[in-house]
Amino acid sequence: MKFGTRAIHAGQEPDPTTGAIMTPIYQTSTYVQESPGKHKGYAYARGKNPTRVALEKCIASLENAKYGLCFSSGQGAEDTILKLLRPGDEVIATDDIYGGSYRMFTKVFAHFGIKFHFVNMHDANDIRKHVNENTRMLWVETPTNPLMKIIDIKVCSEIAKLHNLILVVDNTFASPYLQNPLDLGASIVMHSATKYLGGHSDVVMGAACTNDDKLYEELAFITNSCGPVPGPMDSFLVIRGLKTLHVRMQAHCKNGKEIAHFLKNHPRIDKVYWPGFEDHPNHKIAKEQMRDFGGMLSFIMKGNSMEDAFKVAAATKVFALAESLGGVESLIGHPASMTHASIPKEEREIRCVRFTDSFECRN
Ligand SMILES: *Cc1c(COP(=O)(O)O)cnc(C)c1O
């Protein structure tokens with residue numbers, strides 16, 4: 001079945017009691033049992049809720065996955081995935097990741113004895129250099145936030161297979177419409193469903209999908225044990241949002257492309273980070289592993305002054321100054337003081353220079 005058809009129908013049947021075409025919001029905490037332990041597969045709503053199950057099946061279908069799980073937020077999904085690890089384990093993560101992921105890795109999980117290495121991942125040797133006997137997980141975000149780097153998922157999966165690592169891909173920026181990491185060899189794909197999947201800036205949610213029976217069992221066990229599950233109303237909203245994912249993504253890609261070109265030709269703009277440009281250092285990989293270039297881009301103004309950036313961010317008329325992405329409204333943000341404020345300034349600058357240098361050597 002085509003992507004759009006799956007986005008609208010996967011996991012959903014007309015309600016057996018009424019024929020309602022939309023999945024009902026099963027606003028219930030528990031389910032009546034016939035005799036102790038004898039029930040229709042639903043015992044308590046932390047474990048399972050039919051509205052959530054319909055959504056999980058739909059997202060799994062869009063990611064070409066056997067299993068899907070939904071969470072109370074993208075961070076809830078990440079928290080659950082990281083709990084697959086044990087003290088002493090090491091994770092190699094993309095350096096240019098979402099600020100909240102960086103914060104959770106360094107300020108929460110580091111205290112439980114897990115070690116994180118943040119590497120460029122531009123060149124596979126960057127990753128190989130950091131693999132040792134304690135490495136258990138590769139954490140890849142692509143396109144990255146906010147520099148729009150593209151990491152080669154296939155190459156990462158070769159390294160992961162060779163060293164028996166769990167390869168996690170944060171697919172929030174691409175959405176399953178543009179990229180399916182499991183098809184490229186990832187073990188787990190995760191989303192902040194708050195963004196493109198929900199698509200209407202009205203819900204906070206996370207998702208994770210896998211084809212691996214054992215990983216699914218472990219993730220489902222941790223989810224039920226720790227409890228970061230979304231409610232049925234929010235699940236309904238994302239089911240509704242998904243029905244237009246393919247149409248919205250086409251519009252996002254078209255608009256993103258126009259804005260990228262407008263900014264590139266603007267006399268006061270220095271650099272535009274958008275993987276659709278042929279001179280973007282990862283353009284070739286972007287073309288191979290994505291179906292289009294998405295609706296996200298970042299830019300640096302000439303002079304690179306914070307005052308100018310603040311002025312532009314506050315002066316746009318249609319774009320609202322806000323954190324987040326993927327809704328139908330257009331948003332603008334200043335990552336260093338908003339979404340990525342928890343990454344130390346020196347680290348942010350090193351990352352930016354490291355990546356921007358690779359631009360320069362190509363041009
Ligand atoms: C927003 C975001 C997250 C976190 O998701 P929440 O739903 O806000 O918890 C994780 N990764 C990326 C790339 C994001 O943009």
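Sorting the segments 77-85, 345-353, 214-222 by their mean number of nearby beta carbons within 10 angstrom, highest to lowest, gives 77-85, 214-222, 345-353. Binning all Cα-Cα separations of the chain at 20 Å, short to long from zero, yields these whole-percent fractions: 29, 57, 13, 1. Residues whose amide H falls under 5 Å from that of residue 320, counting only those 5 or more places apart or on a different chain, are 330, 331, 332, with hydrogens built in the peptide plane. Rolling a 1.4 angstrom probe over the protein heavy atoms with all chains in place gives the chain an accessible area of 47 Å² per residue. Pairwise alpha-carbon distances in segment 3-113 exceed 16 Å for 71% of all pairs. As a ratio to 2.2 N^0.38 Å, the alpha-carbon radius of gyration computed for segment 245-356 takes the value 1.10. For the chain, the longest principal axis of the alpha carbon atoms and the long axis of helix 232-242 meet at an angle near 50°.
Roughly how tilted is helix 213-226, in degrees to the nearest 10 and between 0 and 90, from the longest Cα axis of the chain? That works out to roughly 80 degrees. Got a number for carbon plus sulfur as a percent of the chain's accessible area, 1.4 Å probe? So the carbon and sulfur contribution to the accessible surface is 55 percent. When a/c reaches 1.5 or more, the comparison of a/b and b/c decides; with that in mind, is segment 185-247 rounded, prolate or oblate per its Cα gyration tensor? Here segment 185-247 falls in the oblate category. Compared with the dominant Cα axis of the chain, that is its longest principal axis, helix 306-315 is turned about 50°.
Kindly sort 169, 247 by accessible area of their heavy atoms, largest first, with the probe set to 1.4 Å. Intermediate values should be presented prior to the final figure.
On the way: 169 0, 247 80 Å².
Result of the area sort, largest leading: 247, 169.
For the listed peptides 279-289, 259-269, 56-66, a ranking on the average number of other beta carbons within 10 Å per residue, highest first, reads 56-66, 279-289, 259-269.
The values are calculated or read from the model by the stated rules, or taken from the named source; none is laboratory data. Quantities reported herein were computed from a predicted structural model and do not represent experimental measurements. All Cβ positions, even for glycine, are placed from backbone atoms using ideal geometry, and neighbour counts span all protein chains on display. These area figures cover heavy atoms from the full protein model, side chains too; ligands, DNA and RNA do not enter into them. Shrake-Rupley method; radii C 1.70, N 1.55, O 1.52, S 1.80 Å.
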